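Below: one structure, written as structure tokens.
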Amino acid sequence: MNISGKGENFNKLTAHLTYQMKHLFLLLLLPMALFAQSKKEQRLLKKADKIHARAYTVDTHADVPINMLEIEGFDIGIKHDYRKDGTQIDFPRMKEGGMDAMFFAVYMAQGKRTTEGNAEAKEKALKIFKAIHEAVKKYPDMAELVTTAREGYAVHKKGKLGVFIGMENGWPIGQELSNLQLYYDLGLRYITLAHSFNNDISDSSGDPEGAEHNGISKFGEACIAEMNRLGIIVDVSHLSDSAFYDVMRLSKAPVFASHSSCRALSDVKRNMTDDMIKLMASKGGVIQINFVADFLKKPSEEVAVSIRTLRMQAMRADATPEDKKRINNELRQLKYKYPGDVPNVKTVVDHIDHVVKIAGIDHVGIGMDMDGGSDVMGCEDVSKIKNVTIELLKRGYTARQIRKIWGGNTMRVLEAVEKTAIRLNK
């Protein structure tokens, strides 16, 4: 009889049983851990619901008018499915997500800067204004057109959505300052001075030809003065660095970046440097964080080339609705092909954290660029915005701070611009 052998077998058996018991114990703990995690998520969601119930949430850049004009049968008053048609905004989904107001963009790609081209731009702009007005009139129980912070809050109290209007690309101004009054009277409250190419007002950060005016043109200076007088916010998103610094020198009212992010976290020209963010903040401005993937997280070179190529195709003035639909679908497909390059809500809040760290809680907001390129995992459409709020809560932001981020800071800028206009008209 080999007693030592039996002892070794016994020890092996004991060790095996101990391992099995530990494994079983962990398996028993897993449902409890998942339950605890689920309970924690439920508590965070309830807290987010309470915050959104009290907050006035505002997004400063929404490209849904593109869908209203170019997607056959698209109705903003009916709930759509992002998974089926790729759209991100409609009134029902705004309600579902807790989004109280959005600045609908009067956007167009830069075209010819001729008398005929400028006239065409104005005609297209007026068509977009009309579509926005008609959408709001069609659903008077759901939404109202708003032009001031006071109107926005009043409409919110009535339980309705607010529709502000911004213009992306000052091209429709042409060479006529009087067009600013026309657009203001139609509800316009901010203008992104340029888009991806230089225009008669400003140099763009994206023009492959480089600077034309070395910042803001002489006509652009007159535009900024008139925008200050009327009460139209100057939007510095898309501008070249030199143009940004010119705006900071010229504007008598606070400005904002309606849909930009932090260059320190994603080194692309469309984003703002720390110095730019701090300077804008020192003059009362706000950077609204953009949810477009490569502005949040610099992609691999392969993905960057694909994105650039597709965007340049979409920006062509002669791009048809069918072209844009195909291009947007190809852009969406990139996230499935390269999932590691796609940002999530944590990436968004990383940018918010960065602004808060360098400029303070009063100078950051949200400008998602939905229906214009926004692509964040966990916030695929406007119905999912509470996931951003939940991430803010996880990082220790208070309800008061979150209310500032989701709209309070934006409304402060709008109010300041309104007061500057009153002062300049005395």
- [ ] Please list, in chain and number order, the residues 5+ apart from THR147 or on another chain whose amide H is under 5 Å from its amide H, with Hs placed from the backbone.
- [x] GLY152
Open item on the list: Which log10 I(q)/I(0) values does segment 301-426 give at q = 0.13, 0.14, 0.20 Å⁻¹ under the Debye formula, counting every alpha carbon as one identical point scatterer?
Closed with: -0.72, -0.80, -1.11
Open item on the list: Assuming 0.36 nm per residue, please report the length gained on full extension of the stretch ARG249 to ASN329 beyond their Cα-Cα distance.
Closed with: 24.7 nm
Open item on the list: Suppose we look only past 28 Å in the calculated P(r) of the chain. What percent of the Cα-Cα pairs does that tail hold?
Closed with: 49 percent
Task: Förster radius 30 Å - calculated FRET efficiency between GLU176 and MET312, Cβ distance, rounded to 0.05 - done: 0.55
Task: Highest average packing first - 180-192, 142-154, 58-70, Cβ atoms within 10 Å - done: 58-70, 180-192, 142-154
TODO: For segment 283-326, with all protein chains present and a 1.4 Å probe, just round the carbon and sulfur fraction of the accessible area to a whole percent.
DONE: 56 percent
Task: Exceeding the 22 Å Cα-Cα cut-off - candidates LYS79/LYS160; LYS46/LYS394; LYS39/LYS404 - done: LYS39/LYS404
Open item on the list: Quick check on my link table: of LYS137/LYS426; LYS297/LYS384; LYS157/LYS252; LYS137/LYS346; LYS84/LYS386; LYS122/LYS218, which ones sit more than 27 Å apart, alpha carbon to alpha carbon?
Closed with: LYS137/LYS426; LYS157/LYS252; LYS137/LYS346
Open item on the list: Tell me the per residue accessible area of the chain using a 1.4 Å probe; a whole number in Å² is fine.
Closed with: 47 Å²
- [ ] Under 12 Å from the Cβ of CYS262, count the other residues' Cβ atoms, weight Lys and Arg +1, Asp and Glu -1, and hand me the total.
- [x] +1
TODO: Give me the net charge of GLU123's neighbourhood, meaning all other residues with Cβ under 13 Å from the Cβ of GLU123; Lys, Arg count +1, Asp, Glu -1.
DONE: +2
Task: Whole-Hz ³J(HN,Hα) from phi, Karplus 6.51 cos²θ - 1.76 cosθ + 1.60, for segment 397-413, glycine and proline x - done: 5, 7, 4, 5, 5, 5, 5, 5, 4, 7, x, x, 5, 4, 5, 5, 5
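The values are calculated or read from the model by the stated rules, or taken from the named source; none is laboratory data. Note that the structure is predicted; figures quoted are calculated from it, not measured. Counting neighbours? That spans all protein chains shown, and the Cβs are built from the backbone with ideal geometry, glycine included. With ligands, DNA and RNA removed, areas are computed over all heavy atoms of the protein, side chains included. Shrake-Rupley method; radii C 1.70, N 1.55, O 1.52, S 1.80 Å.
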